[in-house]
Amino acid sequence: MRLFIGLALSEEVRLTLGAVQSGLPGARWVTPQNIHLTLRFIGDIDPGRAEDIDTALRQILVPAFDLTLSGLGSFESKGRVRALWTEASKSEPLKRLHEKIESAVVRAGEEPERRKFKPHVTLARFKSGSSNERIGMFIQNNNDIQAGPFTMDRFTLFRSYLGHGGSVYESLAEYELYERITADV
């Protein structure tokens, strides 16, 4: 069972992000139903460990928060662009949620994540033959993309498996964030 924890985005947000998903040769665009923000990749585990992770995630108490996605960027490896993404705005509540999820997953028996958390939503992936110059121009021409602010009121434990048309993500459990209390001024 291959798992990850993420923020499922509304259809409206996915459509906004999907508006830039064309006109870039070599891009393997993420399908609209798979657009999400990964909080913690877990990988292949047995069902018993998945239950332990679910139990640990149910203990997390974090308030709902607003999130904005904007701009485009890329991840590179060995001088080649591997992924195109939009970045999540700097957010203390998102950082706190990520830290609590990381702590819960480690308590459930998983190894700590070694990579630094960079909150983003992947829009496309590239094979080695893609032109970095073309991708750079695409980023420059579409860098004004923005979705939000919108409220995140839950996070999700997803199962990922390969289907006929690529990866398929299945929601195994959702965890509600508690409602923010705002004081009257």
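Observations, loosely collected:
- Count of region 4-18 residues which are under 13 Å from the mean Cα position of the chain (by Cα) and farther than 27 Å from Met137 by Cβ: 6
- Of note, Ile5 satisfies the criterion of being in a strand (DSSP E or B), surrounded by 13 or more Cβ atoms within 10 Å (Cβ to Cβ) and of a type outside the set (Gly, Ala, Ser).
- Test: residue in region 81-104 that is modelled with pLDDT of 95 or more, surrounded by 15 or more Cβ atoms within 10 Å (Cβ to Cβ) and acidic (Asp, Glu): yes
- Helices (runs of 4 or more DSSP H) wholly inside region 43-143 that include at least 1 residues being touching a residue at least 40 places away in the same chain (Cβ under 8 Å) and farther than 29 Å from Gly26 by Cα: 47-57, 92-107
- Residue among Ser130, Ser89 that is more than 14 Å from the chain's Cα centre (by Cα) and among the hydroxyl-bearing types (Ser, Thr, Tyr): Ser130
- Out of Asn132, Asn143, one residue alone is of a type outside the set (D, E, K, R), surrounded by fewer than 16 Cβ atoms within 10 Å (Cβ to Cβ) and out of contact with any Leu (no Cβ under 6 Å at 6 or more places or on another chain). It is Asn132.
- Any hit, region 49-59, residues being touching a Pro at 6+ places or on another chain (Cβ under 7 Å), within 24 Å of Val168 (Cα to Cα) and buried (at least 17 other Cβ atoms within 10 Å of the Cβ): no
- Residue list for region 19-40, filter: free of Cβ contacts under 8 Å to residues at least 24 places away in the same chain and within 15 Å of the chain's Cα centre (by Cα): Pro32
- Scanning region 41-55 for residues that are within 20 Å of the chain's Cα centre (by Cα) and of a type in the set (Gly, Ala, Ser) yields Gly43, Ala50.
- Among the conditions (1) more than 23 Å from Gly48 (Cβ to Cβ); (2) loosely packed, with under 14 Cβ neighbours inside 10 Å, Pro119 misses just one, which is (2).
- Sole exception among (1) modelled with pLDDT of 95 or more; (2) within 24 Å of Phe126 (Cα to Cα) for Thr68, by number: (2)
- Residue ID - nearest to Asp66 (Cα to Cα), chosen from residues in region 105-116 that are surrounded by fewer than 17 Cβ atoms within 10 Å (Cβ to Cβ) and among the acidic types (Asp, Glu): Glu113
- Selection from region 144-185 of residues that are over 19 Å from the mean Cα position of the chain (by Cα), modelled with pLDDT of 80 or more and over 22 Å from Thr31 (Cα atoms): Tyr178
Rundown of residues vs (1) surrounded by fewer than 16 Cβ atoms within 10 Å (Cβ to Cβ); (2) in contact with a Cys (Cβ under 6 Å, 6 or more places away or on another chain); (3) in a strand (DSSP E or B), yes/no style:
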site	(1), (2), (3)
Arg14	no, no, no
Leu24	no, no, no
Gln33	yes, no, no
Arg40	no, no, yes
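The values are calculated or read from the model by the stated rules, or taken from the named source; none is laboratory data. The structure displayed is predicted, hence computed values, not measured ones. All Cβ positions, even for glycine, are placed from backbone atoms using ideal geometry, and neighbour counts span all protein chains on display.
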